[in-house]
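S.K.: What follows is a single structure, and I will ask about it in a moment.
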Amino acid sequence: METQPVPLDRPATVDELLNYRLARLLAATSAPGIRLLEGRYGVRRRAWGLLGLIVAYGPMSPSELAERAHLERAKVSLNVTALVSDGLLHRVATPGDRRRARLELTERGRALFDEVYPQLAALSRSVLAALSPAQVQALDEIITILGNAAVVVNANAPATNKAERRLGGSRRRQTIANE
C-alpha cells in the first residue's frame, strides 16, 4: 500500500511527524539486518553498533564509546560485557590506573565484523537502489543538515523538560498527577 506524501512542515497527525516517519523507515530498513545479526550471528543490533565503532575508530574507553554511540554509559556497559563474554572485545587495563580500561577488538570480533559488514552494506544499498544517484547524494546532504539542526535544537531545549525514565511508567504518571 503506497501512501501519499505529506508536507513535513505541516503534519496533521502524529504519524506525519518527522520523527515518527523516520522511526518507521528505520524499523522497516533495520528488520532484515536485525534478523541477520541476531538470528544468524547471535549479536544484538546495539552491540554490533558498538563493535563497529571500535572497528572504525580504534580502541577506546567505555566512556568514549558511550559518547561516540550517543548512548548512556549503563547501556554501553551491558553491551560491552556481552561482547567481552562472547570473545568479540577485550578490556585492556590502563597502565597506572587499573580502574580504567580500553576496549579492543579481538581477532574473533574482527572476523565477525569482516563477515557481517558486507551483508549489512548490501541491505543498505538495496534500499537506496530506489533512489537515483542524485537523490542518494541529496539524501546524504539532507541527513547531515538535519543532524546538525537537531544538535542545535537539543542544545537549546529547556532543561526543565527532563525525562524521568528512572521512575518507570506508573510511578512517572503518579508523579505527573501529583504536580
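FYI, it's all coordinate maths here, none of it is from the lab. Here the structure is a predicted model, which is why all the values come from computation and not from measurement. Positions of Cβ are backbone-derived with ideal geometry, glycine not excepted, and every protein chain shown enters the neighbour counts.
S.K.: Can you tally the net charge around Val14? Count Lys and Arg as +1, Asp and Glu as -1, for every other residue whose Cβ sits under 15 Å from the Cβ of Val14.
M.R.: Cβ neighbours under 15 Å give a net charge of +1.
S.K.: Calculate the dipole size of the chain relative to its Cα centre from +1 charges on Lys and Arg beta carbons and -1 charges on Asp and Glu beta carbons; express the result in debye to the nearest 20. Working shown, then result.
M.R.: Working: 25 positive and 18 negative charges, 169 e Å.
Taking the Cα centre of the chain as origin, the dipole is about 820 debye.
S.K.: Also: State the volume of the convex hull built on the alpha-carbon positions of the chain, expressed per residue in Å³ and rounded to an integer.
M.R.: It comes to 209 Å³ per residue, whole-number rounded.
S.K.: Which value at 222 nm does the chain reach when only helices count, each DSSP H run of 4 or more adding -39,500 (n - 2.57), with the total divided by all residues and rounded to the nearest 500 deg cm²/dmol?
M.R.: Calculated mean residue ellipticity at 222 nm is -19500 deg cm²/dmol.
S.K.: Expected output is a single nm value to one decimal: the length gained when fully extending between Asp15 and Val84, i.e. 0.36 nm times separation in residues minus the C-alpha distance. What is it?
M.R.: 20.9 nm
S.K.: Here is a further query. Taking 8 Å as the Cα distance limit and 6 or more residues as the minimum spacing, I'd like the relative contact order of the chain as a percentage.
M.R.: Taking the mean separation of contacting Cα pairs over the length of the chain, I get 14 percent.
S.K.: Can you pull the one-decimal nm distance between simple spin-label points at Ile142 and Ile34, each 7 Å off the Cα toward Cβ?
M.R.: Distance between label points: 2.4 nm.
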